[in-house]
1. Could you grab me the full set of residues in the stretch 102-146 that are among the charged types (D, E, K, R), touching a residue at least 12 places away in the same chain (Cβ under 8 Å) and under 25 Å from ILE182 (Cα atoms)?
2. On the given criteria, is SER130 more than 28 Å from ALA24 (Cα to Cα), in a helix (DSSP H, G or I) and either among the polar types (S, T, N, Q) or not assigned by TED's automatic domain parsing to the domain that holds VAL74 (or both)?
3. Could you list, in sequence order, all residues of the stretch 75-101 that are among the hydrophobic types (A, V, I, L, M, F, W, C) and not in a helix (DSSP H, G or I)?
4. In this structure, is ILE191 over 20 Å from LEU138 (Cα atoms), more than 17 Å from the chain's Cα centre (by Cα) and assigned to a helix (DSSP H, G or I)?
5. Name the residues in the stretch 21-68 that are within 22 Å of the chain's Cα centre (by Cα) and part of a loop (DSSP other than H, G, I, E, B), would you?
6. Filter the stretch 37-82 for residues that are of a type in the set (Val, Ile, Thr), touching a residue at least 40 places away in the same chain (Cβ under 8 Å) and not assigned by TED's automatic domain parsing to the domain that holds VAL96 and give the result.
Amino acid sequence: MSINLKLRKRLSPDESRAAALEAARGLLLEAGPQAVTLKAVAGRISRTHANLLHHFGSAAGLQSALAGHISTQVTARIADAVERARSGEADTREIVDGTFDAFGPGGAGALAAWMILSGNRDALNPILDSIRTLVEQLRVGHEEHHVAESTLWLVLAALGDSLLGPEIAGALGLPRDSARTIATQGLRAEIEARHPKS
């Protein structure tokens, strides 16, 4: 059922907000961050501009809510991959792929860069809060791991790859997934250095 058909019925405020965020995410992935406007989202879900203003307050509020929406989903996936890797059920590459996918195909990299370049740095707070919460969650029972440092370089690598990865890899004659491969090797080496096998 399309978003428009679902929205012809009366939705609760939470349902309306969720539909708007999904529509905004769709616009972000289809046309880039500049397409995520109150007018475009309202048109996509058959609502009025005033309705979205009521839910988000402004375009910046919508972008901030979208950043929070994306980052909450992404960090939950990454946390799951880390826990499964710790128990031997997943490989380190899955952690790297989840992080890179969040910033690349998931749109978080383009959205973050656009917010920074447009001067809307406050809208980054939901992303930063989600990353901070993820690190705190992953540290529980693993304080000796340098979770914050690993997260920092992995997020920066994923962000950089989302913005320039194809171009730089192409210019250097490297396969497109080279940054992911390098990040996986680095993360594995770091884990092995901190937990050598007997």
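The values are calculated or read from the model by the stated rules, or taken from the named source; none is laboratory data. As the structure is a prediction and not an experimental result, all values here were calculated from the model. Here Cβ is always computed from backbone atoms with ideal geometry, including for glycine, and neighbour counts include all displayed protein chains.
1. Matches in the stretch 102-146: GLU144 only.
2. Judged against the criteria, SER130 is not a match.
3. ALA90
4. No, not satisfied.
5. Result: GLY32, VAL36, THR37, SER58.
6. Listed by number, the list holds a single entry, ILE45.
So that you can scan it fast, the table gives a plain yes or no per residue for (1) at pLDDT 85 or above; (2) surrounded by 13 or more Cβ atoms within 10 Å (Cβ to Cβ); (3) within 18 Å of ASP97 (Cβ to Cβ):
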| site | (1), (2), (3) |
| --- | --- |
| ALA113 | yes, yes, no |
| VAL140 | no, no, no |
| GLU144 | no, no, no |
| VAL147 | no, yes, no |
| LEU152 | yes, yes, no |
| ALA157 | yes, yes, yes |
| ASP161 | yes, yes, yes |
| ALA171 | yes, no, no |
| LEU174 | yes, yes, yes |
